[in-house]
1. Using 1/(1 + (r/R0)^6) with R0 = 60 angstrom and r between the beta carbons of residue A:189 and residue B:132, what's the FRET efficiency to the nearest 0.05?
2. Just for the protein assembly as shown, what percent of DSSP beta bridges are antiparallel, to the closest 5?
3. How much of the calculated P(r) for chain B lies past 40 Å, in percent of all Cα pairs?
4. If the chain between residue B:1 and residue B:331 were fully stretched, how many nm would it gain, using 0.36 nm times the residue separation less the Cα-Cα distance?
5. Which residue, A:92, A:148, A:124, tops the fluctuation ranking in a GNM of chain A built on C-alpha contacts under 10 Å?
6. Can you tell me, using C-alpha contacts under 8 Å and at least 6 residues apart, the relative contact order of the stretch B:3-107 as a whole percent?
7. Once you've got the GNM for chain B with C-alpha springs shorter than 10 Å, pick whichever of B:279, B:182, B:339 has the biggest mean-square fluctuation.
8. Mind jotting down the distance between the C-alpha centroids of the stretch B:258-273 and the stretch A:173-217, whole Å?
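The numbers here are math on the coordinates, done by the rules we state, and not lab data. What you are looking at is a predicted structure, and each value in this text was computed from that prediction instead of being measured. Note: ideal-geometry Cβ built from the backbone for every residue, glycine included; neighbour counts use all protein chains shown.
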Ligand code: SF4
Ligand code: SF4
Ligand code: FES
């Protein structure tokens, strides 16, 4: 088996509003035999916000983040869709433009660093599937999720755009469905499977756009009678779970759709106690899920 | 000969109370596009199917449709590829999304034209043409800035699948914003300020949710979302203090001060005291769930090697104005994970395996 060691890039959310993501990732990784070396010196990826103000700064900061993984000689593993696409964007641009790479390195050298382009950027979901492998996962399941209908919510930045992601067909991705099946659960084919949670226009268009999208997404999972939604992205999670009450008031309908982080779902099937996975930390109650585990 | 099903959205408002779908069985022919399949169905089975087309070569932009849920040019995609891609025997053809269907696959275009007019999609020269009778000139980098955006064929595939437009039809949308960028960024254009005003009306430019659907759908290489980013950079440079700009400033400051974003203090800094009050229920909810890190209210912890971060930050800010960042070429590019021996998931195959188990 290939060595499953990664430079672990947590991102801001897992260190801020989603501690349960951080904790469940560590627990599940350990069970699956993945070694995560945390990049404690890494900064925020800019989340698209810095990119829309000062592109060069965003590229430089992320080149530094990747260089930290290169120092360890490891690939960089994220647990957030937006971190993935922002770091990949930096890598793609620097690897394809020697002049730009040199300009960024001139800045990094001032601090004794260099971006070489030797580390890949990968996401926890992909490493679970390709690194650990679904067959191995199947063997490790002790509490199959057979009681559950689960609504996969990919989140934009783990499928689009293809020139930065390319892991699977953005029009018809299947990775989360396959994982759900390996864990013994049943995936729903709901309308909002590939839709957007609305997170990124929250501060400018909360009422006009964001909350309407959030509500549509959660409702769509409910229509298919899903027991819960699952997402590989903490920003989608914040939007769909913590902001679900706001989304409900926006459309005047009660939804009450629980949302799990990807590692929490895996953890349940691997028999990790729900409390350790932080299932009590969600805004939309997960009690019904707990009663079925 | 092997056959496939072409399931077509049908609607004639003069006689149908509701739209419906009609399915045509056709032989699978090598190289057959969805547009040629539609022709075949029309010629051999049902002359009443209506759709727009012209060039049949992905140039004119007339034939955009939603095919198996995603907008694209019907003359550009092949039946055999689609059947394999969706692992199906049925191709579903609908009008593009976010528009009013007029008849079958034909939709109302006035809506798009009205939106386009708002950004004055024509060149407004800064100065009279050069006296020597030559054309307006431009240096290569200035040309590069608008090169991709100029390739738009107004097919509206991006408008069809835009997430922000899906829930708010007042959004200008990617096609229109890309067009606004194409002229605002033109070094010879004299109406940059007006164009920015037009896209910033009701903060329209910032309704974009960064879903990247537009760039993914575009059959050319326009990269509408990437152009939207550039419009926003332009607005910031012109001194517009929008919520997006304030948000970006908070991110920059936090990267400098502590490395990571302080999410707990964000509402207060973004919207002031009013914001903090408005967001109080959210904050309390997060606290009750034990999601809040109390240290964050006092500024929070710093990442390691923060001095290094600050040095890099300062240098990057100094160097910024000398760097010419190019838009990447993305036509047909699928990101390639360069790790050797990287296992590639063949999902169709694996799914079938799972199904058989
Ligand atoms: S990135 Fe923005 S403009 Fe493009 S499709 Fe998404 S919301 Fe629409
Ligand atoms: S930007 Fe691309 S998808 Fe949108 S209208 Fe233009 S050519 Fe079509
Ligand atoms: S017919 Fe002209 S683009 Fe398809």
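1. On the way: r = 64 Å, r/R0 = 1.07.
The value I calculate is 0.40.
2. 45
3. Working: 20331 of 63546 pairs.
Summing the P(r) tail past 40 Å for chain B gives 32 percent.
4. On the way: separation 330, 0.36 × 330 = 118.80 nm, distance 3.44 nm.
So the chain would gain 115.4 nm between residue B:1 and residue B:331.
5. Among A:92, A:148, A:124, the largest mean-square fluctuation in the Gaussian network model of chain A belongs to A:92.
6. Values: 189 pairs, mean separation 35.3, N = 105.
Reported as a whole number, the value is 34 percent.
7. Looking only at B:279, B:182, B:339, the largest GNM fluctuation is found for B:339.
8. 26
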